[in-house]
Amino acid sequence: MTISANHEAPDEAPAMPGDGALAESLLKFGISVEDYMLPARHQIQMVTPDGVLVPLGEQGTQPGHEYPLPDDSELLAAYEQLVIGRRVNDQNSALVRQGRMAVYPSSHGQEACQVAAALCIADGDWMFPTYRDSVAIMARGIDPVQVMTLFRGDWHGGYNPHERNVGIQSTPLTTQLLHGVGVAHAAKLRGEKTVVLAMCGDGATSEGDFHEALNFAAVFKLPVIFFVQNNKYAISVPLAQQSAAPSLAHKAVGYGMPGERVDGNDLVALLAVLGRAVKLAREGSGPLLVEAHTYRMQAHTNADDATRYREDSEVAEWQAKDPLTRMKTYLTGKGVLSSEDETRIAGRAEAVAAQLRQGLGEDVTVDPQDLFRHVFSSPTPQLEKQSAMLADELAREEAAQ
Amino acid sequence: MSQTLTTPSAANGNVSAATAKAAAKVASSEEGPQSLTLAKAINTALVDAMHEDEAVIVFGEDVGTLGGVFRITDGLTKSFGDQRCFDTPLAESGIVGMAVGMAMNGMRPVVEMQFDAFAYPAFEQIVSHVAKMHNRTKGAVKLPMVIRIPYAGGIGGVEHHCDSSEAYYAHTAGLKVYAPATVADGYRMLREAIDSDDPVIFLEPKKLYWSKDLVDLQELREQHADNTRAGTSGEGRAAVARAGTDATLIAYGPSVPTALAAAAAAAEEGRSLEVIDVRSIVPFDDETVQASVRKTGRAVVIAEAHGFASVASEIVARVQEGCFHHLAAPIRRVTGFDVPYPAPKLEHYYLPGVDRILDAVDDLQWEDQP
Ligand SMILES: Cc1ncc(C[n+]2csc(CCOP(=O)(O)OP(=O)(O)O)c2C)c(N)n1
Ligand SMILES: [Mg+2]
């Protein structure tokens, strides 16, 4: 039996699928296709909000949904990025208040997702982020000041996507998922084992391109991880008004791909779940969807007033589930994080913040001729004319001064 | 999909066998001028481009086994395998969005939208990404992709199968928009489009798919190879489709044969009309168009699309700005009416025809002729 819509509904529980890459990975778990594709009954959580390791038997896992604990060095490195990510968010919000940036969609509260997204993929892999994923992009190694170019307003994109295989931050919701699908498809046709992590928010899952991307990835059996950060709101609209699905992870099964939900403020669980997803995808399982339950602690952007649509008590509830304090408590208790580590990490975070302050504190000089330079590989006669017109305008302005 | 593609330097057995087969087919094709349809010319351009470059990938709806509803991709899957020409699920945004990603990652996708009006689901991808990626990345990301669209009417098609959608694309900065009108241009311009490092919207006048012309494929291939070597091409240039002295008819795509028919009819009445085939809407060849109008002093622009806020209007504006002192009469437009594309039994009222063009020519204030 193959996994396709081509066969009639079985009378009994389906047999193990006999062929296909997905089937192979299924054999590892000894469960039915449906059990494999459906998310576990509970979100995967490994460390409680109080920073205590959930005992293995109580992690809410089922057959096929067990995840090994990442090792200590991986956790410590991730924690460092977590601290840096929080510092970046706070620094950027401050820079917006000081007028050094036009707008900043902060991922404050979602830093565990950001860090895990960056760390779960390998160097040759690709990431396709949204406007909210600046921290993930920086954690992947792109220069922080370049990342902020979009929000500072001197160009629509500040980094070269080919430098670290990171798509340009996408604002039109879920359009970037299809680009991720295309990158994975091209790689697959050449026989390369490139994994793509394609990111979007909860509200964005209502968009048509979300559906098209999942379907294409599944039909062409592409190694794409769809990583949905469910931060409970799309600007002001709560998830209940976006979807009647039991969870966003459940959407995956309809496309023939597995979905999993994970505590998005639990960095340990995120690393475990995303890590396994990447491994499976690289081995040829086809696409997977991971939904992370998290919370947008601040307004949608600085231009938004979150008090108009949510209660302070709800925010306070999530404050208690903060990803940083949780990780800190856990790692300290485990003896992995020393006070020297803390000092070193705080220093690193401060250095990145200083880099942002300095980079964004400098006044950028924009070149008006850039308007025409990059529309096409070489400018058309029409653009050349317009470029000359602007140059002339500016020359006369200067002469008049 | 069984095997994987290889880089040209390390061709694997499967793909190179298919490529060799295609090459053999190409070599055995007749030499010298032959009667060819526009459909076949476009198909041949695809075959040649796929043969030359393994990065050229064709996909869309029904383009694989069937060879496309207009058979433009006929034989590609058979010759090149189902990794290089394949069917996708029905989702135009998906097709274009996936092509963006593939183009970012080393491929040169050529995708087909089944019909003009069915490209609209892909509009966001086209406008927000295909057109802008190069600009927003300051050229770091190039999107060498072609979106082929069978377009315009005159085939008795039902609703949503006959739109002239060129203005949407031409209005969008960052897209090249080509509209071939001749069999030879079907070949030439598609090769140029595939070679282009910029994304191209390739508008194929579906009513001309089965029109024939004598073309020498070998010569076209050699021209293309020469242009590639020399780094020159006719890209972005308009053509004088018929020389004349009294007035200029400016047309593109499906309207070119209509303009030529009008010029032939006018000649019988003793009026010499020049016909300019715009070929490339973006970039637009002001030079060729305006040289003609400066010479004749009169112009009519012909297009199937609605006239309001149209490419035809843009051409009028440009000619007026560039040739005002050479004009003996206001420039006229003969376009579709500003109504939704009509049902088959009404389309002949809508489409610019020879008589309507000749009426417009008659209106060009000939009494003022010195
Ligand atoms: C196609 C499209 N429609 C609308 C918008 C405006 N918009 C920007 S962000 C946003 C909310 C998205 O919410 P979600 O996907 O949950 O992501 P979050 O902002 O919460 O991270 C909206 C409606 C957009 N950017 N793109
Ligand atoms: Mg949200």
**Relative pair counts by distance (%), Cα atoms of the stretch B:211-285, 5 Å bins** = 3, 15, 18, 18, 19, 14, 8, 4, 1, 0
**Request:** Please work out how much accessible surface A:W155 shows to a 1.4 Å probe, ignoring ligands, DNA and RNA, in Å² rounded to 10.
**Result:** 40
**Fill in**
Expressed per residue, the solvent accessible area of chain B in Å² (1.4 Å probe) is about 39
**Complete:** Of every Cα-Cα pair in chain B, the percentage lying beyond 26 Å is 51
**Request:** Just tell me how shielded A:373-384 is by partners: mean number of partner chain Cβ atoms within 10 Å of each residue's Cβ, no decimals.
**Result:** 6
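Would you rank B:R221, B:R242, B:R148 by solvent-accessible area, highest first, keeping every protein chain in place and using a 1.4 Å probe?
Result, largest first: B:R242, B:R221, B:R148.
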**Request:** Return the whole-Å distance between the Cα centroid of the stretch A:132-165 and the Cα centroid of the stretch B:226-298.
**Result:** 47
**Prompt:** Ordered by residue, what ³J(HN,Hα) values in Hz, to whole numbers, does the stretch B:353-360 give under the Karplus form 6.51 cos²θ - 1.76 cosθ + 1.60, where θ = phi - 60° and Gly and Pro are x?
**Reply:** x, 4, 4, 5, 5, 5, 4, 5
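Given axes a ≥ b ≥ c from the Cα gyration tensor, I'd like to know whether the stretch B:239-362 is rounded (a/c under 1.5), prolate (a/b larger than b/c) or oblate.
oblate
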**Fill in**
Once accessible area is computed for B alone, A alone and the pair with a 1.4 Å probe, the total buried surface, to the nearest 100 Å², works out to 3600
**Complete:** With the charge dipole of the protein assembly as shown built from beta-carbon charges (+1 for Lys and Arg, -1 for Asp and Glu) about the Cα centre, the Cα from B:P89, B:H306, B:A184 projecting farthest to the positive end belongs to B:P89
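For B:A117, what charge total do you get from the other residues with a beta carbon under 10 Å from its beta carbon, if Lys and Arg give +1 and Asp and Glu give -1?
So the environment of B:A117 carries a net charge of -3.
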**Request:** Quick one: which residues, 5 or more positions from A:L197 or on another chain, have an amide H under 5 Å from its amide H? H modelled 1.01 Å from N in the peptide plane, none for Pro or chain starts.
**Result:** A:W126, A:M127, A:F128, A:I225
**Prompt:** Which value at 222 nm does chain B reach when only helices count, each DSSP H run of 4 or more adding -39,500 (n - 2.57), with the total divided by all residues and rounded to the nearest 500 deg cm²/dmol?
**Reply:** -11000 deg cm²/dmol
**Request:** Would you mind checking which residues have amide H under 5 Å from B:I276's amide H? H placed 1.01 Å from N; only 5 or more apart, or other chain.
**Result:** B:A241, B:L249, B:I250, B:A251
**Accessible area of B:R188 in the full protein assembly, 1.4 Å probe (Å², nearest 10)** = 80
**Fill in**
So, over other residues within a Cβ distance under 13 Å of B:I72, counting Lys, Arg +1 and Asp, Glu -1, the net charge is -1
**Request:** Heavy atoms only, probe 1.4 angstrom, no DNA, RNA or ligands counted: give me A:E314, B:E219, A:E260, B:E52 ranked by accessible area, highest first.
**Result:** B:E52, B:E219, A:E314, A:E260
**Prompt:** Once you sort the root eigenvalues of the Cα gyration tensor of the stretch B:84-134 as a ≥ b ≥ c, which label holds: rounded (a/c under 1.5), prolate (a/b larger than b/c) or oblate (the other case)?
**Reply:** oblate
**Prompt:** Most fluctuating residue of A:P55, A:P39, A:P258 in a GNM of chain A with Cα springs under 10 Å: which is it?
**Reply:** A:P55
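Indicate the gyration tensor shape class of the stretch A:120-217 (rounded, prolate or oblate), computed on the Cα atoms with a ≥ b ≥ c the square roots of the eigenvalues: a/c under 1.5 is rounded; otherwise a/b larger than b/c is prolate and the rest oblate.
Since a/c reaches 1.5 but b/c is at least a/b, the shape of the stretch A:120-217 is classed as oblate.
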**Prompt:** Measuring with a 1.4 Å probe in the full set of protein chains, what accessible area per residue, in whole Å², belongs to chain A?
**Reply:** 42
**Request:** Take every Cα-Cα distance within chain A, group them into 10 Å bins from 0 onward, and report for each bin the whole-number percent of pairs it holds.
**Result:** 5, 21, 30, 24, 12, 5, 2, 0, 0
**Complete:** For B:Q34, other-chain or 5+-apart residues with amide H closer than 5 Å (H placed, Pro excluded) are B:V215, B:D216, B:L217
**Asked** Of all accessible surface on the protein assembly as shown at a 1.4 Å probe, what whole percent is carbon and sulfur?
**Response** 53
**Complete:** Taking only protein heavy atoms and a 1.4 Å probe, the highest-to-lowest accessible-area order of A:K321, B:K78, B:K40 is B:K78, B:K40, A:K321
**Item:** Derived scalar couplings ³J(HN,Hα) [the stretch A:159-172; Karplus, 6.51 cos²θ - 1.76 cosθ + 1.60; whole Hz; x for Gly, Pro]
**Value:** 10, 7, x, 7, 4, 10, 6, 10, x, 5, 4, 9, 9, x
**Item:** J(HN,Hα) series, the stretch B:138-150, from Karplus relation 6.51 cos²θ - 1.76 cosθ + 1.60, nearest Hz, glycine and proline x
**Value:** 6, x, 5, 10, 9, 10, x, 9, 10, 10, 7, 10, x
**Fill in**
Dividing the helical contributions, -39500 (n - 2.57) per DSSP H run of n ≥ 4, by the residues of chain A yields a 222 nm value, nearest 500 deg cm²/dmol, of -13500 deg cm²/dmol
**Message:** Strictly over 22 Å apart at the Cα level, which of A:K193/A:K221; A:K385/B:K138; A:K221/A:K279; A:K28/A:K328; B:K176/B:K295; A:K28/A:K232 would you flag in this model?
**Reply:** A:K28/A:K328; B:K176/B:K295; A:K28/A:K232
**Prompt:** Which one of A:G153, A:T194, A:Y131 is farthest out on the positive end of the charge dipole of the protein assembly as shown, using unit charges on Cβ (Lys, Arg +1; Asp, Glu -1) and the Cα centre as origin?
**Reply:** A:T194
**Furthest towards positive pole of dipole, B:S211, B:V240, B:P283, structure part chain B, Cβ charges** = B:P283
**Asked** Where nothing but the Cβ of Lys and Arg (+1) and of Asp and Glu (-1) is charged, how large is the charge dipole of the protein assembly as shown around its Cα centre, in debye to the nearest 20?
**Response** 760
**Angle in degrees between helix B:38-52 and the longest Cα principal axis of chain B, rounded to the nearest 10** = 40
**Asked** Considering only the protein assembly as shown, what is the antiparallel percent among its DSSP beta bridges, to the nearest 5?
**Response** 20
**Message:** If you average the alpha carbon positions of the stretch A:369-401 and of the stretch A:211-246, how far apart do those two centres end up, in angstrom?
**Reply:** 43
**Fill in**
A student asked for the Cα radius of gyration and Dmax of the protein assembly as shown in angstrom ought to give 29.4, 99
**Fill in**
In whole angstrom, largest first, the equivalent ellipsoid semi-axes that the Cα gyration tensor gives for the stretch B:35-230 are 23, 20, 17
**Message:** With a 10 Å cut-off between alpha carbons and a GNM built on chain B, which of B:D62, B:D198, B:D355 moves the most?
**Reply:** B:D355
**Message:** What's the magnitude of the charge dipole for the stretch A:290-371 around its Cα centre, counting Lys and Arg as +1 and Asp and Glu as -1 at the beta-carbon? Answer in Debye, nearest 20.
**Reply:** 480
**Message:** Between A:P70, A:P287, A:P223, where does the largest GNM mean-square fluctuation fall for chain A, given springs only between Cα atoms within less than 10 Å?
**Reply:** A:P70
**Net dipole in debye of the stretch A:19-361 [+1 Lys, Arg Cβ; -1 Asp, Glu Cβ; about Cα centre; nearest 20]** = 540
**Request:** Note down the net charge around B:V56, summing +1 for each Lys or Arg and -1 for each Asp or Glu among other residues with Cβ under 12 Å from its Cβ.
**Result:** -2
**Request:** Give the angle, between 0 and 90 degrees and rounded to the nearest 10, that separates the Cα long axis of helix B:311-323 from the longest principal axis of the Cα atoms of chain B.
**Result:** 60
**Prompt:** Angle between the Cα long axis of helix B:286-296 and the longest principal axis of chain B, 0 to 90 degrees, nearest 10?
**Reply:** 30
**Complete:** Between the alpha carbon centres of the stretch A:81-120 and the stretch A:34-70 the gap in Å comes to 28
**Fill in**
Expected integer from the mean partner chain Cβ neighbour count at 10 Å over A:323-333 is 0
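The values are calculated or read from the model by the stated rules, or taken from the named source; none is laboratory data. If you're wondering where the values come from, they're calculated on a predicted model, not measured in any experiment. Note that we place each Cβ from the backbone using ideal geometry, even for glycine, and neighbour counts take in every protein chain shown. Please note that ligands, DNA and RNA were not included when accessible areas were found on the heavy atoms of the full protein model with its side chains. Shrake-Rupley method; radii C 1.70, N 1.55, O 1.52, S 1.80 Å.
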